[in-house]
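The values are calculated or read from the model by the stated rules, or taken from the named source; none is laboratory data. Keep in mind the model is a prediction, meaning the values are calculated, not measured. So basically every Cβ, Gly included, is an ideal-geometry build from the backbone, and we count neighbours across all protein chains shown. Just so you know, the surface numbers come from the protein's heavy atoms only, side chains and all, with ligands and any DNA or RNA stripped out. Shrake-Rupley method; radii C 1.70, N 1.55, O 1.52, S 1.80 Å.
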Amino acid sequence: SYIAGDRMSSLSVSASKTDGGKLSYQWYENDTFNNEGGTAIENANSSSYMLGTASEGGTKYYYCVVTNTVQGYSESVVSDAAKITVKSVLDLIGDKLVGYGTLEAPYLIENVQDYQEIAELVSSGLTFKGMYLKQTAENITLPDDWEPIGVAKNKLAFSGIIDGNNNTVTVPEGGLPLLGYVVGAEVKNLNIYGKKIAGYGLVNNLEGVGLSGDAITIDNVTLKSGSSTLKSGLIGT
């Protein structure tokens, strides 16, 4: 399954021609889990079919008809149907966050549970790319066992836009910072406090993951007086 906006992989079939024949291919798309009655896909005439970018939520089924032609005589076989499910952002978020992720109606971060929901959604593959989030609580303290948003080892990045609204995130003593792995993210207008943060002040995994392009834009983010970090500054490389 995929999330809307994901780059999907390709489908492929393997076939052997017999008696000096020539193979031809035609891929079909279907709304039911069946390898007949589908709609032929234009220009999908090779042994593999690139699905492209997932556009909207729903489930489709794909199959391929392979034809072997020998001296004008043709014989065809049909592949099994492959199920491809695309989940929309609304399907994933549901009622977990208040808002719509737009500049005018951002997803609201009203408590620590909202940050935890965001972390879980990113771990499930939702990057929040191009989506706006705003912290409305004056101070949110992360839990002692906090796992930063974005998982470097699985390259599950956070790519959203967080407006702290000049509020504060507090990291418990010995805890990890708010963000873990980021690509094209933005954080602004946020205060951070942590007596002893066990990493950088804001982003914990910027180095060593083969990034290219923009990782994060930081604007008006302040590490408050009395804080200390195991590693120097808000981020490190």
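Scan region 47-70 for residues that are part of a loop (DSSP other than H, G, I, E, B) and open to solvent by 50 Å² or more (accessible area, probe 1.4 Å) and jot them down.
Result: S55, E56.
Scanning for something modelled with pLDDT of 90 or more, open to solvent by 50 Å² or more (accessible area, probe 1.4 Å) and farther than 21 Å from F128 by Cβ, does region 208-221 turn up at least one residue?
Within region 208-221, not a single residue is modelled with pLDDT of 90 or more, open to solvent by 50 Å² or more (accessible area, probe 1.4 Å) and farther than 21 Å from F128 by Cβ.
Please specify each residue of region 11-35 satisfying the condition of being outside any strand (DSSP E or B) and more than 14 Å from K83 (Cα to Cα).
V13, S14, A15, S16, K17, T18, D19, G20, G21
Quick one: in region 125-179, of everything that is within 16 Å of the chain's Cα centre (by Cα) and among the basic types (K, R), which residue is most open to solvent (accessible area, probe 1.4 Å)?
Ranking the qualifying residues of region 125-179, first place goes to K153.
If you scan region 180-197, which residues turn out to be open to solvent by less than 10 Å² (accessible area, probe 1.4 Å) and assigned to a loop (DSSP other than H, G, I, E, B)?
G180, G194, listed by residue number.
Which numbered condition in (1) out of contact with any Cys (no Cβ under 8 Å at 6 or more places or on another chain); (2) touching a residue at least 40 places away in the same chain (Cβ under 8 Å); (3) small (G, A, S) is the only one that S79 fails?
So S79 meets the others, but not (1).
Which residue is most open to solvent (accessible area, probe 1.4 Å), if the candidates are limited to region 89-103 and must be modelled with pLDDT under 90 and farther than 14 Å from F128 by Cβ?
Ranking the qualifying residues of region 89-103, first place goes to D95.
Which of the residues that make up region 9-37 are within 25 Å of S55 (Cα to Cα), open to solvent by 80 Å² or more (accessible area, probe 1.4 Å) and of a type outside the set (D, E)?
Once the filter is applied, which keeps residues that are within 25 Å of S55 (Cα to Cα), open to solvent by 80 Å² or more (accessible area, probe 1.4 Å) and of a type outside the set (D, E), region 9-37 yields S12, F33.
Could you tell me which numbered condition E117 fails, if it satisfies all but one of (1) more than 16 Å from S1 (Cβ to Cβ); (2) surrounded by 15 or more Cβ atoms within 10 Å (Cβ to Cβ); (3) touching a residue at least 24 places away in the same chain (Cβ under 8 Å)?
(3)
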